[in-house]
1. Students often get this wrong, so check it: of 32/106; 7/44; 44/213; 7/212; 212/262, which have C-alpha atoms separated by over 27 Å?
2. Which shape class, rounded, prolate or oblate, goes with region 188-263 when its Cα gyration tensor gives a ≥ b ≥ c as root eigenvalues, a/c under 1.5 marks rounded, and past that a/b bigger than b/c marks prolate?
3. Once Lys and Arg get +1 and Asp and Glu get -1 on their Cβ, which of 151, 204, 177 lies farthest toward the positive end of the dipole of region 135-263?
4. Taking the mean number of other Cβ atoms within 10 Å as a proxy for protection, how do you rank 107-114, 232-239 from highest to lowest?
5. What nm value, rounded to one decimal, do you get for the distance between residue 69 and residue 172 when each label is placed 7 Å out toward the C-beta?
6. Along Cα→Cβ, 7 Å out, is where each label goes; now give me the distance between the ones at residue 45 and residue 264 in nm to one decimal.
7. If I model the chain as equal point scatterers sitting on the Cα atoms and use the Debye formula, what is log10 I(q)/I(0) at q = 0.13 Å⁻¹?
8. Sorted by accessible area with a 1.4 angstrom probe, largest first, how do 205, 260 fall?
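The values are calculated or read from the model by the stated rules, or taken from the named source; none is laboratory data. The structure displayed is predicted, hence computed values, not measured ones. We place every Cβ from the backbone using ideal geometry, glycine too, and count neighbours over all the protein chains shown. What goes into the accessible areas is simple: the full protein's heavy atoms, side chains included, and nothing from ligands, DNA or RNA. Shrake-Rupley method; radii C 1.70, N 1.55, O 1.52, S 1.80 Å.
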Amino acid sequence: MSSVNGKVALITGGANGVGAEVARRLHEKGAKLVLTDLDEVLLKEVATRLGDERVLTVVADVRNFEAMQSAADNGIDRFGGIDIAIANAGIATFGSVLHVDPAAFKTLLDVNALGVFHTVRAALPSVIERRGYLLIVSSLAAYAAFPGAASYNLSKAGVEHFANALRLEVAHLGVDVGSAHMSWIDTPLVRESKADLASFREMITRLPGPLKKTTSVEQCGEAFIKGIEGRRRQINCPGWVGAMRWLRPILGTSFGEFQTLKSVPELLPQMDAEVAALGRSMSARTDELEKH
């Protein structure tokens, strides 16, 4: 798939952040888009910017398989099929395992893990028919754990292995599967987390080397497009994240955890206190969308 011109791409979480940036870049290259999100207002804004001719927007909850099947079916009816499916929708929760809201923990897994399955399952027959490409958005969190975000770590490690299993299942059908792994990207999700939690900001500043740096959405979008066009097994952004995959056995040792462990006794209780004061384990925007 050296060119995406004329291809049809389904993108969940397509209303903002990485999803919207990838949608914009694919559209510039001639792709047709099926964009889903819970945020109807932002979806309409994206469609207005891109133009309606090659864009279909569907308000759909990835936690609901029937909703995702309907979105995929609408895209197939409109454009004839789906060549690329990008399971991008995701949220974050914060707080220690001892104190995080159990309902928020479950919601995250429903969105970040089950939502990936629902997206892939809905689009898969058409992607197989077109010998297309599936991209599962994981994270650096699949390689290195971050305290106070156990549910996020669980979901991103899980969907990486889901992608690995899926790759084995569909390779003989001409379908390629990739997983995307990013460090901190300047998305609404990361900005809102930093704004809510001083402990989160401080944890990031205490990370070693490049782990503390935030990458632009534009740079991330560029990496995604190259990976999609190349039908790559892994997309890493920034590029150094790929090295963390090979360092994963070390990162889970006492040596690899040493730097992070120094901050936990101070910053994790602070995070739990801040989450309790907010009265929510998710961002205000995510919390509001979940209620509706």
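1. Beyond 27 Å between Cα atoms: 32/106; 44/213; 7/212.
2. oblate
3. After comparing all options, I get 204.
4. 107-114, 232-239
5. 2.6
6. Taking the two extended label points, one gets 3.9 nm.
7. Rounded to two decimals, the profile gives -0.86.
8. Putting 205, 260 in descending order of accessible area: 205, 260.
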